[in-house]
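Here's the structure, in structure tokens; my notes come after.
The values are calculated or read from the model by the stated rules, or taken from the named source; none is laboratory data. For clarity, every value in this text was computed on a predicted model and none was experimentally measured. Counting neighbours? That spans all protein chains shown, and the Cβs are built from the backbone with ideal geometry, glycine included.
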Amino acid sequence: MNSYKNPLEERYSSEEMLYNFSPDNKFRNWRKLWIALAEIEKDLGLEISDEQIAELKEQAENIDFAKAAEYEKKFRHDVMAHVHAYGDVAPLAKPIIHLGATSAFVGDNTDLIQMRDGLQIIRKQLVNVIKNLSDFALKYKDLPTLGFTHFQPAQLTTVGKRATLWLQSLLLDFEELEFFIETLRFRGVKGTTGTAASFLELFNGDYAKVQHLDKELSKRFGFEKVFGVSGQTYDRKIDAKVLALLSSIAQSAHKFTNDLRLLANLKEIEEPFEKNQIGSSAMAYKRNPMRSERISALSKFVISLQNSSAMVAATQWFERTLDDSANKRLAIPQSFLAVDAILLIWNNILSGIVVYENRIHKHIMEELPFMATEYIIMEEVKAGGDRQEIHETIRVHSMEASKKVKMEGKDNDLIERIMNDSSLKFDKSKLMEVLDPKNFIGFSPIQTEQFIKNEIQPILDKYSELIGLESDLKV
């Protein structure tokens, strides 16, 4: 306990995402890349023996991390440290490990593998948030609630329709994620400055063999698309793009938690609160929205990291500089780990979210009389009244009712005032029927149903095997 520990590892992120960015997974991928490189080079005619390939495969998981650390301290070069550590346990194959390649061959290609695999984990998390939100939206599609603009009471919506706004943001994120995965290119085999000059010698000037090596290796690692050209590294715009995508997901999550925290203050909707959970060390009655606040905090962290990779992409020199390395080691894994945690917490919230229908109705009825005034004016005009005179009468009643609510803390008595006003001639028996909140929600229920049917359900059908994620919190 006497050195810093990353909270993402200890408190927040899933074991699956933590392993994806672990040293073990990273260096196993390095060795898989070296084996594939040697196998394809052998197939293309280079003097690499079956025994050398067999030895590489036999020792692939025999990684001496302590020895590699010793070599790195000596060489100040992580890739050469692992070349030597691999060569120590595979001496027959040592001469052909990393043949023709540069450091970015293992470093960059592994980064791309981890990004792709990390996004597939994120996709699984997103599908479950989308499923839980869509279930919530359909369950409450008919439940009227106050709409808010500028956090001031506005025309009614429904609890379910509001949830579709959270879903809409996630749909945009999901479309971007799908596009990113589908179009992600592998670096492949490009040489030290992207010219494949080392392979010019190895293959005696046969560029077709270099192209085959590039494409075949990429296919073996699940990439149909390969960068057509590169410097020493893949284009660092990829890093900027993936962090922009993760930032976008974080923005959607933050918006949800803002709304939920405001609704919790109104006592309309709350996140789960466990039997033994403590909201405050001093105020025993508190039910603080801890999960939502945690998402909010992590989201701000992810959003802030977006600029980091953008600055790296903007300031690379020519075929490559190394001022990206330390930044990438921090920004990319931690963005993935944080978004992974955000989505786990979000799913946890949705698994036990609480809706207080009576409280919601009470708030509606405090404001609905004001919203009914336009109907009252129109009905009075139909009964032969003067529109401007009626407007002034209703305005005065509204101001008096508002005064009672704000200054005296009493209930809204606007409808009672209007019912008792003998100067108003319209059929007042219809007024109470009009005040049913469902008369003020527009097309909210059908909009909710159609949005989920047309735009959300296809995603849920396509990825049905991903639905059912456990989302317990570490702390």
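How many of the residues making up region 155-209 are among the aromatic types (Phe, Trp, Tyr) and either assigned to a loop (DSSP other than H, G, I, E, B) or touching a strand residue (DSSP E or B) at 6+ places or on another chain (Cβ under 7 Å) (or both)? Lay out the reasoning, then the answer.
Residues of region 155-209 among the aromatic types (Phe, Trp, Tyr): 166, 174, 179-180, 186, 199, 203, 207.
Adding the requirement that they be either assigned to a loop (DSSP other than H, G, I, E, B) or touching a strand residue (DSSP E or B) at 6+ places or on another chain (Cβ under 7 Å) (or both) leaves 186, 203.
So the count comes out to 2.
With the structure loaded, tell me whether Phe370 is aromatic (Phe, Trp, Tyr), in contact (Cβ under 8 Å) with a residue 40 or more places away in the chain and farther than 21 Å from Asn412 by Cα or whether it fails that test.
Spelling it out, it is not the case that Phe370 is aromatic (Phe, Trp, Tyr), in contact (Cβ under 8 Å) with a residue 40 or more places away in the chain and farther than 21 Å from Asn412 by Cα.
Being among the hydroxyl-bearing types (Ser, Thr, Tyr), in a helix (DSSP H, G or I), out of contact with any Asp or Glu (no Cβ under 8 Å at 6 or more places or on another chain) and at pLDDT below 95, is that true of even one residue in region 312-333?
The answer is yes, given that some residue of region 312-333 is among the hydroxyl-bearing types (Ser, Thr, Tyr), in a helix (DSSP H, G or I), out of contact with any Asp or Glu (no Cβ under 8 Å at 6 or more places or on another chain) and at pLDDT below 95.
Would you say Ile364 is within 31 Å of the chain's Cα centre (by Cα) and of a type in the set (Val, Ile, Thr)?
no
Using the structure shown, decide if Ser218 is of a type in the set (Gly, Ala, Ser), touching a residue at least 24 places away in the same chain (Cβ under 8 Å) and not in a loop (DSSP other than H, G, I, E, B).
In short, yes.
Take region 420-443 and flag every residue that is surrounded by 12 or more Cβ atoms within 10 Å (Cβ to Cβ) and within 23 Å of Leu146 (Cβ to Cβ).
Leu431, Val434, Leu435, Pro437, Lys438, Asn439, Phe440, Ile441, Gly442
Would you point out which residue out of Ala297, Ala250 is at pLDDT 95 or above, surrounded by fewer than 20 Cβ atoms within 10 Å (Cβ to Cβ) and closer than 30 Å to Gly147 by Cα?
Details: Ala250 fails: surrounded by fewer than 20 Cβ atoms within 10 Å (Cβ to Cβ).
Exactly one residue qualifies, and that residue is Ala297.
Would you mind telling me which numbered condition in (1) modelled with pLDDT of 95 or more; (2) in a loop (DSSP other than H, G, I, E, B) His212 fails?
Going through the list (1) modelled with pLDDT of 95 or more; (2) in a loop (DSSP other than H, G, I, E, B), His212 breaks only (2).
Going by what's in this entry, would Pro458 be described as surrounded by 17 or more Cβ atoms within 10 Å (Cβ to Cβ), part of a helix (DSSP H, G or I) and modelled with pLDDT of 90 or more?
Taking the combined requirement at face value, the residue does not satisfy it.
Just checking: which of the helices (runs of 4 or more DSSP H) contained wholly in region 1-86 hold 2 or more residues that are aromatic (Phe, Trp, Tyr) and either at pLDDT 95 or above or closer than 26 Å to Ser325 by Cα (or both)?
23-43, 65-75
Checking the condition buried (at least 22 other Cβ atoms within 10 Å of the Cβ) and touching a residue at least 24 places away in the same chain (Cβ under 8 Å), which residue from Gly160, Gly191 passes? Step through it out loud before you land on a result.
Working: Gly191 fails: buried (at least 22 other Cβ atoms within 10 Å of the Cβ).
After ruling out the rest, the residue left standing is Gly160.
Ala68 - would you say it is aliphatic (A, V, I, L, M) and in contact with a Ser or Thr (Cβ under 9 Å, 6 or more places away or on another chain)? So that I can check it myself, show each step before the final result.
Working: aliphatic (A, V, I, L, M): yes; in contact with a Ser or Thr (Cβ under 9 Å, 6 or more places away or on another chain): no.
Against the criterion (aliphatic (A, V, I, L, M) and in contact with a Ser or Thr (Cβ under 9 Å, 6 or more places away or on another chain)), Ala68 does not qualify.
From Lys406, Lys462, Lys453, Lys410, grab the single residue that is without any contact (Cβ under 8 Å) to a residue 12 or more places away in the chain and in contact with a Lys or Arg (Cβ under 7 Å, 6 or more places away or on another chain).
Lys410
Can you find a residue in region 120-143 that is acidic (Asp, Glu) and under 22 Å from Lys453 (Cβ atoms)?
yes
Could you figure out which of (1) in contact (Cβ under 8 Å) with a residue 12 or more places away in the chain; (2) outside any helix (DSSP H, G or I); (3) surrounded by fewer than 21 Cβ atoms within 10 Å (Cβ to Cβ) isn't true of Ser230?
(3)
If you go through region 444-455 one residue at a time, how many are out of contact with any helix residue (DSSP H, G or I) (no Cβ under 9 Å at 6 or more places or on another chain) and surrounded by 14 or more Cβ atoms within 10 Å (Cβ to Cβ)?
0
Give region 36-58 a look and list any residue that's surrounded by fewer than 18 Cβ atoms within 10 Å (Cβ to Cβ), of a type outside the set (Asp, Glu) and either closer than 13 Å to Leu217 by Cβ or within 39 Å of the chain's Cα centre (by Cα) (or both), or say none.
If the condition is that a residue be surrounded by fewer than 18 Cβ atoms within 10 Å (Cβ to Cβ), of a type outside the set (Asp, Glu) and either closer than 13 Å to Leu217 by Cβ or within 39 Å of the chain's Cα centre (by Cα) (or both), then Lys42, Lys57 are the ones that fit.
I need a count of the residues in region 373-412 that are over 22 Å from Gln155 (Cβ atoms) and either exposed (fewer than 11 other Cβ atoms within 10 Å of the Cβ) or not hydroxyl-bearing (Ser, Thr, Tyr) (or both). Working first, answer last.
Applying the first criterion (over 22 Å from Gln155 (Cβ atoms)) to region 373-412 yields 382-386, 388-389, 392-393, 396, 400, 403-404, 407-410.
Still in the list and also either exposed (fewer than 11 other Cβ atoms within 10 Å of the Cβ) or not hydroxyl-bearing (Ser, Thr, Tyr) (or both): 382-386, 388-389, 392, 396, 400, 403-404, 407-410.
Residues in region 373-412 being over 22 Å from Gln155 (Cβ atoms) and either exposed (fewer than 11 other Cβ atoms within 10 Å of the Cβ) or not hydroxyl-bearing (Ser, Thr, Tyr) (or both): 16 in total.
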